Every structure is written in C-alpha cells, then in structure tokens.
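Notes for the one structure printed next.
The values are calculated or read from the model by the stated rules, or taken from the named source; none is laboratory data. Remember, it's a predicted structure, so these values are computed and weren't measured experimentally. Quick reminder, even Gly has a Cβ in these numbers, built from the backbone with ideal geometry, and neighbours come from all protein chains shown.
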Amino acid sequence: MNTLFRLKPVTVALMAALVASGPVLANEAIQEELTVSPGRQISPQDEVTISATAVKVLRHIAAARGELTGDKPDSSKAKLELEQSNRLLDIIQAALPTTKVKDRIWVARKHLEYENTDEVLPDLVPIYVSLDELVDYMPTAKAKDHLDNAKQALKDGDKPKASEHLQAVDDALLYVEADLPLSSTRVLVEQARAALDKTDVKAADQALAAAEDNIVFVSLSFESPLTQAKAALFRAQQNYALGEKAFAKADLDAAVVFLERAAQSEDKVVRDATNALVSEVRGLNSLIDTNSQDFSVKTEHAWHRVKALSERSAESISTGWQRFRAEGAGKKDLIEAKLQLAFARIDRFIASDDAAAGIELAEAKSYLDAAANQVPAEQQAEVQGIASQVDRLENAVNSGDKSHADVQAFNQTESHIAKLIHRL
C-alpha cells in the first residue's frame, strides 16, 4: 500500500506519568507506544500503527462515555480516559507530514510580533527546506508562492502582509483528511472535559459521541478510496514526468480501482462524481501511449477533483457537531458550496471549460444563500459576503473577464469558506 506520508521521528514519553497513575494504565501504555523509524517512506505497517492508535483513542473515548452511564457516573475516571486520548492524539498529530513546517511557520509569525522584518527573514530558510521535503508526496507550489510573497513583504518591511502570507502558507498545507477530524476531536474532548467540570454529564456524553465519529474517520482515512486514489494519481504524474511510463500506468490502474470503490458510496455526490472520474482516469492510459501533451493536464484535473471530494468527506464528518450544537446549522451547505467552487476553479483553470465553471459557481451561490438563512446571526453577514464574492466570480466568468476571476480570487474565496467551515 502506498501513501503520501513520510514520518519524522516520534517520541512518546507516557510511561512516567502512567506508572504514577497505576499499573493498569502503565501496562496499557506499553501497548500504545508508537515505534516509527525516522527518515524513510511510511510502510504499510506504519499505516496500520497510526490507524491502530486512532482506534486506541476511540477506545478511551468510549471508555469515558462508559464511566458516565448508569446511576453513579464517575467523572474522575472519565477525565483520566480523556487524558489518555489527548496523549494519543498528540502522537497522531506529530506523525503528520506537515507538522514540522507548520511549527516553523508559527515560529516565524511569532517572531514578527517582536522582531524587525530583516531579523525574521532567516526563519524562512527552514520553511523552504521543509516544503522541498514535502514535494515528493504533496503539491507545494501554492504554498511556495505565498512563501515567496512573505519573503518580499519582509524585505519591504511590511509585517502585516508578511504575516498574512505566512498564514496562507499554513492554510495551503492543510491535510484536511487528517487535520480537520483531529482538530474537531480535540475540541470536542475539551468540551466534554469542560462539561464534566460543570457536572453536566449529558453534555459531556453528547460531545464525546461526536468525537467518536471524527476519530473513526481518522482511523480509516489513510485507507479510504478517495485518499488512495488521490495518492495514486499524484504518483502517476510524477512517474510520467520521470519517463517511467509503466509505473505511471500502474498508478493509473490503481487509481481506477480506488475510484470504483468510492463509486459504491452511499453518498450520491461522491457516487456521481467518482463514476465520471473512473472513465476519465481509465482513458489516461492511451494518452501515455501516444505521448500526448494532454496527459499532465487531464491527470491534474482528475487529481484536483478527487482532492476536493476527499476534503468534502473530511469536512462532512465534523457535522456530527450538529447533534448538539445548533450553531452547526448551515455547515452542510457551506461544505457543498466549497465543493462546487473547487470544481469551478478546476474547470476554469485546468479544463478551460468556462461553461461548466459558470454552472458550478451558480450552484455554489445557491448553497451559500441557503447557508446564510441557517447560520447564527453573527455569521450571516460573513456568509452573505462570500456569496457576493462568488456572484462576482460567476459574472466575470460568464462575461469572459479574466482580471476579476483569476485563480487567486478563486483560492481566496475557497479559503474563506474553508476557514468558516472549520470555525462552525
């Protein structure tokens, strides 16, 4: 099994604290220790280990819920289980390929608060290095563009602009399939802890029920058909660029298999989109045989669409928050709007199909209008503002105005929706 991940060294220092907590927890921790060799491509066994760690988190959350049932709920024992789950979440987070570069971006932005811009410039060097390390398994061009802009802003002495572009680098490196469910799980566990502090057992259990949905997704995301199809398409692009046609064909065949699995989804949006992609990707083999210049463009088109669908799956799992948070209203429509906006961007700038892009922008606008009627009052103006942005993009696309519908305008609007989704 292949993957996009390369794991950095992960050190788990749980034993001292756990021994103090008692032999039962210490014995369990031995089973939960992650052992990953540094500096190599992640193996199938490593994938299994990470997924197993996520299952361990699920076990602790389920155990916490168990302590809260019955006539005599035990909040103290539930909190101990939640402490264990947080430690394991730290392990998973540390194993993600983007964690190191995100930490470096955080340091650079923090330095901007109290150092001169010329003193912060050296902080960008390791960020560039980290992006080079990522290039083998995830696209980094967008992140590098923002980093170049941050560098220029620092040279110009413009702190706000430099900080804005550094944040954009961070946003461009979001591995949504893991980052978002992990973040949601952390917030939900913290909400459960806060509810227990107030002796609100019911609210704590509801938060943990939603946390279970998120961590189940993490345990399966590395092996999900969409994630695997995305990885296979990216490898196909790389191998074709290296002249390894046989490997590129094998990657395409693998992508087709994974897309066919995704096409069995109960989700109609995923089912319809992946069914269309199956025939599209299957036809790429013939382009390899003829050395067609269309291969790279069409492969990139398929990769971006699969990526958009994969992100939608990750974002949708956090709608579990809506079980007990009325503020979650409208989130589903925002997720669908982001998907349609991504499809419009792909069709406009990769497929050069403005007719399709115009239709998808109209769809995005309708979803945003629906979301504006559901979100809390404090978010309504923000959603309406995004809808206006999309409306302007649609008008520009339909009129052929490229200056007001460039890729940056699409990316900014898409990023705005994503941030709102993550906040709800």
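Regarding residue 154, is this residue in a helix (DSSP H, G or I), modelled with pLDDT of 90 or more, surrounded by 20 or more Cβ atoms within 10 Å (Cβ to Cβ) and of a type outside the set (S, T, N, Q)? Break it down stepwise before answering.
Numbers: in a helix (DSSP H, G or I): yes; modelled with pLDDT of 90 or more: yes; surrounded by 20 or more Cβ atoms within 10 Å (Cβ to Cβ): yes; of a type outside the set (S, T, N, Q): yes.
Spelling it out, residue 154 is indeed in a helix (DSSP H, G or I), modelled with pLDDT of 90 or more, surrounded by 20 or more Cβ atoms within 10 Å (Cβ to Cβ) and of a type outside the set (S, T, N, Q).
Checking the structure you have, find out if any residue of segment 160-183 is in a helix (DSSP H, G or I), over 26 Å from residue 413 (Cβ atoms) and not small (Gly, Ala, Ser). No.
Do you know which residues across segment 243-257 are of a type outside the set (Gly, Ala, Ser) and crowded, with 17+ Cβ neighbours inside 10 Å?
Filtering segment 243-257 down to residues of a type outside the set (Gly, Ala, Ser) leaves 244-245, 247, 249, 251-253, 256-257.
Of everything in segment 243-257, those that are of a type outside the set (Gly, Ala, Ser) and crowded, with 17+ Cβ neighbours inside 10 Å turn out to be 249, 251, 252, 256.
Within segment 190-203, residues that are within 14 Å of residue 67 (Cβ to Cβ) sit with their Cβ atoms under 7 Å from residues that are of a type in the set (D, E, K, R) and not in a loop (DSSP other than H, G, I, E, B), at 6+ positions apart or across chains, in these pairs: 193/79; 196/79.
Take residue 71 and decide whether it is assigned by TED's automatic domain parsing to the domain that holds residue 197 and charged (D, E, K, R). Can you show your working first?
Numbers: assigned by TED's automatic domain parsing to the domain that holds residue 197: yes; charged (D, E, K, R): yes.
Criteria met by residue 71.
Might you check whether a residue that is touching a residue at least 60 places away in the same chain (Cβ under 8 Å), more than 30 Å from residue 127 (Cα to Cα) and either assigned to a loop (DSSP other than H, G, I, E, B) or in contact with a Leu (Cβ under 6 Å, 6 or more places away or on another chain) (or both) occurs anywhere in segment 49-58? The answer is yes; a qualifying residue exists. Counting the residues of segment 385-422 that are under 17 Å from the mean Cα position of the chain (by Cα) and either of a type outside the set (S, T, N, Q) or within 15 Å of residue 352 (Cα to Cα) (or both) gives 8.
Condition (residue is farther than 30 Å from residue 56 by Cα and either modelled with pLDDT of 95 or more or in contact with a helix residue (DSSP H, G or I) (Cβ under 9 Å, 6 or more places away or on another chain) (or both)) applied to segment 211-233: is it met by at least one residue? Full working, then the answer.
Filtering segment 211-233 down to residues farther than 30 Å from residue 56 by Cα leaves 233.
Applying the additional criterion that residues be either modelled with pLDDT of 95 or more or in contact with a helix residue (DSSP H, G or I) (Cβ under 9 Å, 6 or more places away or on another chain) (or both) yields 233.
Yes, the conditions are met somewhere in segment 211-233.
Regarding residue 260, is this residue surrounded by fewer than 23 Cβ atoms within 10 Å (Cβ to Cβ), of a type outside the set (Lys, Arg), out of contact with any His (no Cβ under 7 Å at 6 or more places or on another chain) and at pLDDT 95 or above?
Yes: the conditions hold for residue 260.
Only one entry in 334, 368, 424 is in contact (Cβ under 8 Å) with a residue 60 or more places away in the chain, of a type outside the set (Ser, Thr, Tyr) and under 27 Å from residue 277 (Cβ atoms), namely 334. Residues of segment 265-285 include at least one that is within 17 Å of residue 313 (Cα to Cα) and of a type in the set (Ser, Thr, Tyr). Please verify whether segment 221-242 includes one or more residues that are loosely packed, with under 15 Cβ neighbours inside 10 Å and farther than 24 Å from residue 142 by Cβ. No. Condition test on residue 353, is it of a type outside the set (Phe, Trp, Tyr), within 25 Å of residue 235 (Cα to Cα) and either modelled with pLDDT of 95 or more or outside the structural domain of residue 212 (by TED's automatic domain parsing) (or both)? It is false that residue 353 is of a type outside the set (Phe, Trp, Tyr), within 25 Å of residue 235 (Cα to Cα) and either modelled with pLDDT of 95 or more or outside the structural domain of residue 212 (by TED's automatic domain parsing) (or both).
Residues of segment 262-280 being of a type in the set (Gly, Ala, Ser) and either in a helix (DSSP H, G or I) or in contact (Cβ under 8 Å) with a residue 60 or more places away in the chain (or both), which ones? Please lay out each step first, then the result.
Here is the first cut: in segment 262-280, the residues of a type in the set (Gly, Ala, Ser) are 262-263, 265, 273, 276, 279.
Within segment 262-280, 262, 273, 276, 279 qualify.
The residues in segment 122-135 that are crowded, with 16+ Cβ neighbours inside 10 Å and over 30 Å from residue 231 (Cα atoms) can be counted, and the count is 1.
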